[in-house]
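K.L.:
One structure, as structure tokens, below. Some questions next.
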Amino acid sequence: MNAMISVRHLARIYRMGEVEVRALQGVSFDIQRGEFVAIMGPSGSGKSTLMNLIGCLDTPTGGHYRLDGLPIERLDPALLAAVRNKKIGFVFQQFHLLARKTALENVALPLAYRGGVPRAEQLERAAVALERVGLGHRKDHRPWELSGGQQQRVAIARALVTDPALLLADEPTGALDTRTSAELMELLSELNQSGMTIVLVTHEHDIARYARRILELRDGLLIHDTAEERHDRN
């Protein structure tokens, strides 16, 4: 069975004048469908670079990356954008909601940008996504009428509305208090239990423990994978 994410010797080098920064140095791993994986590491470890590569927001300098069987490093920018829009849902630390639009309208935006989806269907699917995150009763509220946790739930619903194969969450609890963070992670756990593949970037161990597997990066290298510990025990 093909992995959802297959990474082999993935490298990303940034050049700033005469300086060469090796953000990733030959990272390899697989993530299967239905996994919940946290990527951890100190600042400068390469975790954000890795997330950008997995999310098709950047292209590798070397190595290979397959997403759902597609060879990402071989795709031109137009095809890369199409894959990103079809297969990946993004959740960020900042909610990026449009202040003048309701929760329902914010969630429907990816479908509007995609094109070819009738307006009535956009709103119907957005309403289903809001129900999925427990906010169907707040669909007509604007962001300033919602708490931080509710705004992040709207952002998650927006990521889910296109029915992506993969949900990427980059420090999704960074702007939330402890109790709200726990509630949000419980929601992500429920989504994972329903079959959603989730990859989470965090620097907080309390958040990472919700994942079933942790990849730890340091200096652009993968130094620890808890899946290997489970394999060794078995």
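The values are calculated or read from the model by the stated rules, or taken from the named source; none is laboratory data. Since the model is a prediction, treat every value here as computed from it, not as a measurement. Ideal geometry is used to build each Cβ from the backbone, glycine not excepted, and the neighbour counts take in all protein chains shown.
K.L.:
Restricting attention to segment 50-64, and to residues there that are in contact with a Ser or Thr (Cβ under 9 Å, 6 or more places away or on another chain) and farther than 17 Å from Phe90 by Cβ, which single residue is surrounded by the most Cβ atoms within 10 Å (Cβ to Cβ)?
P.N.:
If we take residues in segment 50-64 being in contact with a Ser or Thr (Cβ under 9 Å, 6 or more places away or on another chain) and farther than 17 Å from Phe90 by Cβ, then Gly63 is surrounded by the most Cβ atoms within 10 Å (Cβ to Cβ).
K.L.:
Which ones in segment 1-31 are crowded, with 16+ Cβ neighbours inside 10 Å and either β-branched (Val, Ile, Thr) or closer than 20 Å to Ile198 by Cβ (or both)?
P.N.:
Residues satisfying the conditions are Ala3, Met4, Ile5, Ser6, Val7, Leu10, Val27, Phe29, Ile31.
K.L.:
Moving to a separate point now. From Gly44, Gly34, which residue is surrounded by fewer than 18 Cβ atoms within 10 Å (Cβ to Cβ), touching a Ser or Thr at 6+ places or on another chain (Cβ under 8 Å) and assigned to a loop (DSSP other than H, G, I, E, B)?
P.N.:
Gly34
K.L.:
Next question, about the same structure. Is it the case that some residue within segment 29-38 is modelled with pLDDT under 90 and polar (S, T, N, Q)?
P.N.:
No, because not a single residue in segment 29-38 is modelled with pLDDT under 90 and polar (S, T, N, Q).
K.L.:
If I filter segment 213-227 down to residues being over 16 Å from Val21 (Cα atoms) and of a type in the set (A, V, I, L, M, F, W, C), which single residue comes out as modelled with the lowest pLDDT?
P.N.:
The extreme case among them is Ala227.
K.L.:
Could you please tell me which pairs satisfy a Cβ distance under 9 Å, a separation of 6+ or placement on different chains, a first residue in segment 3-24 that is part of a loop (DSSP other than H, G, I, E, B), and a second residue that is of a type in the set (S, T, N, Q)?
P.N.:
Between residues of segment 3-24 that are part of a loop (DSSP other than H, G, I, E, B) and residues that are of a type in the set (S, T, N, Q), the close pairs are Ala3/Gln32; Met4/Gln32; Met4/Thr197.
K.L.:
Working only within segment 64-104, note down all residues that are under 28 Å from Ser181 (Cβ atoms), more than 18 Å from the chain's Cα centre (by Cα) and not in a loop (DSSP other than H, G, I, E, B).
P.N.:
Within segment 64-104, Ala103, Leu104 meet the criteria.
K.L.:
I'd like to verify a number: residues in segment 48-63 that are assigned to a helix (DSSP H, G or I) and either closer than 14 Å to Val7 by Cα or among the aromatic types (Phe, Trp, Tyr) (or both), how many?
P.N.:
Number satisfying all stated conditions: 6.
K.L.:
Of all residues in segment 128-184, which are touching a residue at least 24 places away in the same chain (Cβ under 8 Å) and at positive phi?
P.N.:
If the condition is that a residue be touching a residue at least 24 places away in the same chain (Cβ under 8 Å) and at positive phi, then Gly134, Glu171 are the ones that fit.
K.L.:
Residues that are of a type in the set (Asp, Glu), crowded, with 19+ Cβ neighbours inside 10 Å and touching a helix residue (DSSP H, G or I) at 6+ places or on another chain (Cβ under 6 Å): find the strands (runs of 3 or more DSSP E) completely inside segment 136-234 holding 3 or more of those.
P.N.:
On the way: elements: 166-170, 197-201, 213-218, 221-225.
The strands (runs of 3 or more DSSP E) meeting that bar number zero.
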